[in-house]
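Handing you this structure, nothing more for now.
The values are calculated or read from the model by the stated rules, or taken from the named source; none is laboratory data. The structure displayed is predicted, hence computed values, not measured ones. FYI the Cβ positions are ideal-geometry reconstructions off the backbone, even for glycines, and counts take in every protein chain you see. We work out accessible area using only protein heavy atoms, side chains counted, and drop any ligands, DNA or RNA first. Shrake-Rupley method; radii C 1.70, N 1.55, O 1.52, S 1.80 Å.
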Amino acid sequence: MRVIGLMSGTSYDAIDAAAAELELVGDGLVLRPLGMVSAPYDEALREALGAALPPGTTTLAEVCRLDTLVGQAFAAAAVRANRELCAGRAELVASHGQTVYHWAADGRVHGTLQIGQPAWIAEATGLPVVADFRPRDIAAGGQGAPLVSLVDLLWLRGRPGRPVALNLGGIANLTAPDGTAFDTGPGCALIDAAARGFSGGRLSCDADGALAARGAVREVLLERLLADPYYALAPPKTTGKELFHLGHLRDALAGLGTLAAEDVVATLTALTARTVADAVRAVGATEVIASGGGTRNPTLMGLLAERLADITLRTSDELGLPSAAKEAYAFAVLGFLTAHGLPGTVPASTGARHARVLGSLTPGRDGLRLPPPATTRPVRLVLE
């Protein structure tokens, strides 16, 4: 089955569309990557999303408008991916949507909201769409994240030692071989927020880690940031920009006087490296396989390598799974599993009571035509 996976992460900078040929063979799920296309959000839409996200305020009218506009943007990305990567022969679209709120409180997740109305994708492509993956896991008592943990476990099974998959997106998360999976804290979220804040919106991120490379870590600020209670919580746990946003940084900066932008960004980069490394060591990792936008920040990756010291750090590209496309491929896999009636969660990873088939289905132009239900769950992911 040819599946297009659509993903936009917590940095909400672009929509990634990855296409894959997926097939169940014995106890394995074979994934043949067909490539990825990426479409930056229109600047006006990106600004509107940023204004609506916490700690900003919004209205139901604006949520409705954004749900439509994001859905249309996802639809355009899916049409392009089908044309350029699948020669018009895709059979299913799996859309993560755009997370705008993750309701975590009192040590559990109560709800989550991903916008990007899938009806626009189905109408534009004519294909059935699986979307809204996270709520079912939450309804079963889980955190609704990290959902890529199932794919990580299938992919890394049989690899020597204790390999850990790490995603360095806006929020960083990891998956260990025993199924332990959780958000470690901010990946690039605070770094991006500082870059935008100090530049008056001119910069969207610390490109190539240039600001951090010129700055010095301010230990007082770092210790204030490390004191946030989230880091001491036991997994499973998830977080988002509801916590780690510009206001969080401003609170930590209160009373410290004027600090150079480079020093603040250097300190935030050190925060990510330290909290990720602490989490990696806590699960006894012998190898870290990283993906996500943070892998393109050499300053962050250098600090993380120093912190990990004797633990090997490599990117997923070295193992055949493009770092920039990994999450989009992961949701293509989750959509494939849903279409075949197979669970897409690991209770040990999300804390759910049971593994569940994820998502909601929107029929395509010819109605809802799904393959026969599969009778065997795959236990490994094979890249070809």
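Just for strands (runs of 3 or more DSSP E) wholly inside region 1-101: which have at least 2 residues that are surrounded by fewer than 19 Cβ atoms within 10 Å (Cβ to Cβ)?
Details: elements: 2-8, 14-25, 28-40.
Because the criterion is at least 2 residues that are surrounded by fewer than 19 Cβ atoms within 10 Å (Cβ to Cβ), the strands (runs of 3 or more DSSP E) in region 1-101 that meet it are 14-25, 28-40.
Quick one: in region 139-163, of everything that is out of contact with any Gly (no Cβ under 9 Å at 6 or more places or on another chain) and among the basic types (K, R), which residue is least open to solvent (accessible area, probe 1.4 Å)?
R159
Hey, can you tell me all the residues within region 134-159 that are touching a helix residue (DSSP H, G or I) at 6+ places or on another chain (Cβ under 6 Å) and not in a helix (DSSP H, G or I)?
Of everything in region 134-159, those that are touching a helix residue (DSSP H, G or I) at 6+ places or on another chain (Cβ under 6 Å) and not in a helix (DSSP H, G or I) turn out to be G142, Q143, G144, V148.
Check off (1) open to solvent by less than 20 Å² (accessible area, probe 1.4 Å); (2) of a type outside the set (A, V, I, L, M, F, W, C); (3) under 22 Å from D183 (Cβ atoms) for G364 and give me the number that stays unchecked.
G364 satisfies all of (1) open to solvent by less than 20 Å² (accessible area, probe 1.4 Å); (2) of a type outside the set (A, V, I, L, M, F, W, C); (3) under 22 Å from D183 (Cβ atoms) except (3).
Collect the residues in region 306-337 that are open to solvent by 40 Å² or more (accessible area, probe 1.4 Å), more than 21 Å from A189 (Cβ to Cβ) and part of a helix (DSSP H, G or I), keeping them in residue-number order.
Matches in region 306-337: E306, D317, E318, L319.
Moving on to the next point. Of all residues in region 360-384 being assigned to a loop (DSSP other than H, G, I, E, B) and in contact with a Gly (Cβ under 7 Å, 6 or more places away or on another chain), which is nearest to R32 (Cα to Cα)?
Filtering first and then ranking leaves P378.
Right, here's the next one. May I ask you to list the residues in region 244-274 that are of a type in the set (A, V, I, L, M, F, W, C), outside any helix (DSSP H, G or I) and either under 25 Å from G302 (Cβ atoms) or open to solvent by 50 Å² or more (accessible area, probe 1.4 Å) (or both)? Talk me through it step by step, then tell me what you get.
First pass over region 244-274, keeping only residues of a type in the set (A, V, I, L, M, F, W, C): 244, 246, 249, 252-254, 256, 259-261, 264-266, 268, 270-271, 273.
Add one more test, that the residue is outside any helix (DSSP H, G or I), and what stays is 244, 254, 256, 259-260.
Matches in region 244-274: F244, A254, L259, A260.
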